[in-house]
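Reading through the structure tokens given below for one structure.
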């Protein structure tokens, strides 16, 4: 469940937003001042923040500036200010979206969902997996052992990425075949065994002193326990 922090000093507006987002399936936390909002963001992880501008003790733009010094959490500004210059300034200092009061609750929920999807895509595209001295960069499709880049076939790469994404999980030959080859597994494990053997050989060649993938007899494969 995604959790949303609402920083809005108007009790009625805060309550309306909280009820709409809760009904949409989100976890919600309500805060009413800028200083409390900043403290909450520093101490807890939220998936998205709805931030009013006119807040007691510390304004929303001040909160946003400080948040951007330590977090990339998506922030949607909610404000009665309709000036184009205000919107541009807030977007420049790190806001991800801007909603003008009065607003439609359905639009707010849709904007929240849209920003969360965009954030999740960015996370997926920029995944970097690390295990021992092995690094796999999803965005560039590069695999390095120490300072040495290794060349993998497409299937070898997908097998390794799967093992790195679910470290500790045991994958059967059927699991690997159906996920990597995207086809039904009919019991012929030669393809999986051949690609796994080649992958292991390339990793071992890059670092002969380290083991990366282990066979769990009778079950399948997983990364070696660290």
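Computed quantities for the displayed model
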| read-out | value |
| --- | --- |
| Amide N proximity, segment 19-36 versus residue 57 label position 7 Å along Cα-to-Cβ, cut-off under 15 Å | 30-36 |
| Directionally averaged shadow of segment 3-125, computed from the convex hull of its alpha-carbon atoms, nm² | 7.0 nm² |
| Part-to-part distance (alpha-carbon centres) for segment 20-49 and segment 112-173, which is given in Å | 30 Å |
| Between helix 11-23 and the chain: long-axis angle, C-alpha atoms, 0 to 90°, nearest 10 | 30 degrees |
| Gained length - residue 32 relative to residue 44, 0.36 nm times residue gap less alpha-carbon distance | 2.7 nm |
| Cα coordinate range in the chain, projected on the principal axes (Å, largest first) | 64, 38, 30 |
| Expected-Rg normalisation [2.2 N^0.38 Å, Cα atoms] applied to segment 128-223 | 1.03 |
| Rg/Rh (Cα only; Kirkwood hydrodynamic radius) as it applies to segment 1-67 | 0.95 |
| Protection-proxy order for peptides 38-50, 109-121, each taking the mean of Cβ atoms within 10 Å per residue, highest first | 38-50, 109-121 |
| Folded to 0 to 90 degrees: helix 190-206 orientation relative to the chain principal axis, Cα | 80 degrees |
| Nitroxide proxy distance, nm - points 7 Å out along Cα→Cβ at residue 204 and residue 181 | 2.3 nm |
| Modelled FRET efficiency - R0 30 Å, residue 10 with residue 126, Cβ distances, 0.05 increments | 0.25 |
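The numbers here are math on the coordinates, done by the rules we state, and not lab data. Keep in mind the model is a prediction, meaning the values are calculated, not measured. Please note: Cβ atoms are built from the backbone with ideal geometry, for glycine as well, and neighbour counts cover all protein chains shown.
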